[in-house]
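Quick notes on the structure that follows.
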Amino acid sequence: MTADDNIEDQLDNLDDLIRYLEKEKDRLKKCVETAAEQWEFSEAKAFAKAHSHIAGRLHTLKNLRDPGFDERAGYYRKLVFLEEQLEKYTNAPQLIRHLTEEIKKTNEALDKLEDSKYTLLDTQHIDDAIFLLLDGSIESFRLHLNKSEALVFDFACINNLLRIGLSYKKGSLFPYMKKRLRRIGFSKVDEQRRFVKSIEASNLKDAQKIKQLLAVVIFDVFGRSWFDNPAALEINYTPMEPTD
C-alpha cells in the first residue's frame with residue numbers, strides 16, 4: 001500500500017475532497033494521453049474508466065455543494081455559444097441585437113443564481129439533536145436512512161468525542177462503499193456490521209463539519225437514491241449501552 005492509497009482518509013470536508021478529486025481527474029487524463037501516445041491501449045482504457053468514475057463522483061459532489069451547479073454550467077455553455085454567434089454574424093444587425101439581449105438575460109440569470117443561498121443539507125432537526133447531545137440534554141440519537149437495509153447513523157458523545165456509528169444489514173453494503181467509508185475515516189468494528197468515526201467535540205462551534213461528513217457519506221459513498229424519503233430521526237433520552 002502506498003501513501004496515496006490513504007490520501008482520502010481525512011477528506012471528510014467537502015471542499016477538500018472535491019479539490020483532491022479534481023487533481024486526481026487531471027492526473028488520470030494525462031495518464032490516458034500518455035498511454036495512448038505509447039500505443040498502450042489496454043492501459044489507456046483502464047485509465048479512461050478510472051477518469052470517468054472520478055468525473056462522476058465530482059459531478060455528484062459539486063451538485064451537493066451547490067445545487068445550482070448544473071444550472072450554472074448550462075448558462076455558461078449558453079454564453080459561450082451566444083458569444084461565438086455574435087462574432088460570427090457581425091454583419092447582421094438584427095441578429096446582433098437579439099444575441100446581445102440574450103447575453104444580457106443570461107448574465108442576469110447567472111447573477112441571480114450567484115446570489116442564491118444554499119445549504120448542504122436541510123437538516124435543522126439534526127443540528128438541534130447534535131447540540132442537545134453535546135450539552136448533555138440527550139444521551140444519543142439515530143438517523144434511520146434506509147429501513148429495508150437497516151442502514152442507520154447513530155450519534156453519542158463519550159469523553160468529549162462525538163462518536164458517529166453507521167450500522168447496516170448483512171449484504172447491504174457493496175465493497176466499494178466500505179472502501180469509501182474507510183477512506184473518509186470510518187473504521188470497521190470487529191465482528192459487527194458497523195463502522196465508527198469519532199470527532200473531537202470540544203471545539204465544535206456549529207454542526208457544519210458534521211453535516212459535511214454526513215453529506216459526503218450520503219452522496220459520495222451511497223448516492224441520494226439509496227435512502228428513504230424522508231429519513232427518520234429517533235432521539236434517545238435514556239442512557240445508551242456502550243457498544244464498543
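Close amide H pairs (under 5 Å, H built 1.01 Å from N) link residue 157 with 163, residues at least 5 positions away or on another chain. Database remark: amide H of residue 194 closer than 5 angstrom to the amide H of 189 (H placed geometrically; neighbours at sequence offset of 5 or more, or on other chains; Pro and chain starts carry no H). Both radii come from the Cα set of the range 69-115: Rg as radius of gyration, Rh as Kirkwood radius; their ratio Rg/Rh reads 1.04.
Over 28 Å between C-alpha atoms is what I'm after, so list which of 23/178; 29/169; 29/78 land there. Could the numbers behind the result be given before it?
Values: 23/178 23 Å; 29/169 38 Å; 29/78 26 Å.
Beyond 28 Å: 29/169.
Which order do the peptides 102-113, 127-138 come out in when sorted by mean C-beta neighbours inside 10 angstrom, highest first? Show your work: numbers first, answer last.
On the way: 102-113: 13.3, 127-138: 16.0.
Final packing ranking: 127-138, 102-113.
Residue by residue, the range 195-205 carries 3J(HN,Hα) couplings of 10, 9, 9, 10, 10, 4, 9, 5, 9, 6, 9 Hz when phi is fed to the Karplus relation 6.51 cos²θ - 1.76 cosθ + 1.60 (θ = phi - 60°); x denotes Gly or Pro.
When ranked by the protection proxy of mean other Cβ atoms within 10 Å per residue, highest first, what sequence do the peptides 211-218, 147-154 form? Kindly include the intermediate steps, with their values, before the conclusion.
Details: 211-218: 20.1, 147-154: 16.6.
Per-residue mean Cβ counts within 10 Å order the peptides as 211-218, 147-154.
Residues whose amide H comes within less than 5 Å of that of residue 146, counting only those at least five positions distant or on another chain, are 151, 228 (H built at 1.01 Å from N in the peptide plane).
Read the figures in this text as sums done on the coordinates, not as results from a lab. Remember, it's a predicted structure, so these values are computed and weren't measured experimentally. Quick reminder, even Gly has a Cβ in these numbers, built from the backbone with ideal geometry, and neighbours come from all protein chains shown.
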